[in-house]
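**Q** Please read through the structure below; I'll follow up with questions.
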Amino acid sequence: MKIHVEVYIASRLLSQEQGTFTLGELVERVHDLFDDMSQGVQTYGSSGAVANAPKNLYVVYNYLWRIGHGLYRCFDPSRDTPLPARAHARREPLPEDVLAQYHHLLTGTAHSTTSSPEIVAAVRPTPQLPKADQHAPDDVEWKRLAALYDLERYLFEVVSPRFQRDRTLSARDFFAIIIWKSNRTKTRIAQGLRAAGATPEELLRQVGLEEEGLRQVRILKRIKGIGLSIASAILTVCYPDKFTVLDYRAWETLQAISVPGLPARKPSTPARYVDYCDACALFADGLGLSLRDLDRALWARSWEEDLSSLVDREGLS
């Protein structure tokens with residue numbers, strides 16, 4: 001059964017029993033009911049299915065409502081207003097996706113409009129990376145190319161949910177991440193994969209089978225050419241609520257403001273990188289940001305300070 005459906009069922013049963021619940025209780029109930037311990041359960045429980053959480057997945061649902069730090073209840077359309085980006089997201093799964101024994105948990109008011117892109121995407125497979133169609137009209141082809149220009153958005157709205165669903169990625173999606181992080185490393189990493197006798201699909205499948213973050217980092221770093229920063233980018237796309245990108249801008253900004261739990265030096269080992277992610281996650285939670293948005297904010301702060309320094313230094317302000 002689909003992960004978001006498991007989250008919906010578990011949340012409704014918890015609501016009937018106790019009203020509100022924590023993310024930990026939700027994850028535990030999903031495990032008890034469906035023997036599912038995948039990262040996707042936490043992803044949907046903390047953001048992907050939370051109507052008042054930022055939209056950080058391509059397909060989202062309005063199943064839950066966050067009422068406090070780590071505390072949730074079921075979404076109530078009579079009193080809750082989703083964030084604008086999620087206004088048309090489904091409020092419950094499709095009946096055909098739900099086991100018959102849980103149909104009584106459905107209300108029959110899945111969404112407010114059937115023309116929403118989110119709803120259309122929810123009921124059909126996520127598209128693969130768009131490929132050129134020699135027979136497509138010129139306007140269709142140029143629109144396809146325009147959509148690919150925003151690579152970060154594509155990675156986090158399309159590729160990330162695809163990994164949650166399939167527990168691996170195609171070679172095209174894998175190298176899209178590599179190019180996003182560091183275009184100059186793509187050939188070296190391709191050579192490293194060939195030397196190891198591995199494909200991107202096989203490598204990511206190994207990562208998807210692991211639950212412990214430290215082991216996931218080490219699996220990637222076995223491939224020659226995949227250093228800690230590249231591994232961090234791959235894991236951030238695959239697990240945006242668990243990992244964050246390791247780069248000098250984010251590190252320098254965090255170090256300058258003395259974030260609690262931050263390693264003494266920029267991480268150079270898998271263990272220190274995992275500590276770095278934990279410190280960032282706690283800091284982001286305190287700010288009310290997702291881990292991904294914290295990374296964007298750190299990069300933006302460093303970039304803005306560099307810009308101001310340049311203008312001031314050259315006497316152009």
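The values are calculated or read from the model by the stated rules, or taken from the named source; none is laboratory data. Keep in mind that what you see is a predicted model, and the values were worked out from it rather than measured. Neighbour counts are summed over all protein chains in view; Cβ atoms, including those assigned to glycine, are modelled from backbone coordinates with ideal geometry.
**Q** Determine whether L145 is of a type in the set (A, V, I, L, M) and not in a helix (DSSP H, G or I).
**A** Considered against the rule, which asks whether it is of a type in the set (A, V, I, L, M) and not in a helix (DSSP H, G or I), L145 comes out as no.
**Q** Of the residues that make up the range 230-237, is at least one out of contact with any strand residue (DSSP E or B) (no Cβ under 8 Å at 6 or more places or on another chain), without any contact (Cβ under 8 Å) to a residue 60 or more places away in the chain, of a type in the set (S, T, N, Q) and more than 20 Å from L209 (Cα to Cα)?
**A** No.
**Q** Would you be able to tell me the number of residues in the range 246-260 that are outside any loop (DSSP other than H, G, I, E, B), farther than 18 Å from K181 by Cβ and without any contact (Cβ under 8 Å) to a residue 40 or more places away in the chain?
**A** The total comes to 2.
**Q** Look through L291, L287, L307 and report the one residue that is within 17 Å of S232 (Cα to Cα) and either hydrophobic (A, V, I, L, M, F, W, C) or at pLDDT below 90 (or both).
**A** Only one candidate qualifies: L291.
**Q** Moving on to the next point. Listed residues R265, R292, R272, R301; which is under 30 Å from R165 (Cβ atoms) and basic (K, R)?
**A** Of the residues listed, the single one that is under 30 Å from R165 (Cβ atoms) and basic (K, R) is R292.
**Q** Determine, yes or no, whether V59 is of a type in the set (V, I, T) and in contact with a Pro (Cβ under 8 Å, 6 or more places away or on another chain).
**A** yes
**Q** Within the range 62-77, can one find any residue that is modelled with pLDDT of 90 or more and of a type in the set (K, R)?
**A** Checked the range 62-77: at least one residue is modelled with pLDDT of 90 or more and of a type in the set (K, R).
**Q** On to the next question. Do any helices (runs of 4 or more DSSP H) entirely within the range 1-79 hold 2 or more residues that are surrounded by fewer than 17 Cβ atoms within 10 Å (Cβ to Cβ) and not charged (D, E, K, R), and if so, which?
**A** Filter on the range 1-79 gives 3-18, 23-34.
**Q** Something else now. Please state which of the following conditions D293 fails to meet, knowing it meets all the rest: (1) in contact (Cβ under 8 Å) with a residue 60 or more places away in the chain; (2) in contact with a Phe, Trp or Tyr (Cβ under 9 Å, 6 or more places away or on another chain); (3) in a helix (DSSP H, G or I).
**A** (2)
**Q** Shifting gears a bit: Using the structure shown, decide if P267 is surrounded by fewer than 19 Cβ atoms within 10 Å (Cβ to Cβ) and in contact with a Leu (Cβ under 9 Å, 6 or more places away or on another chain).
**A** No: the conditions fail for P267.
**Q** Let me ask something additional. Specify which of the listed residues (P54, P82) is in the same structural domain as G108 (by TED's automatic domain parsing) and at pLDDT 90 or above.
**A** After applying the criteria, what remains is P82.
**Q** On to the next question. Would you mind finding the one in E28, E6, E92 that is in contact with a helix residue (DSSP H, G or I) (Cβ under 7 Å, 6 or more places away or on another chain), under 23 Å from P240 (Cβ atoms) and of a type in the set (D, E)?
**A** Criteria check complete, one pass: E6.
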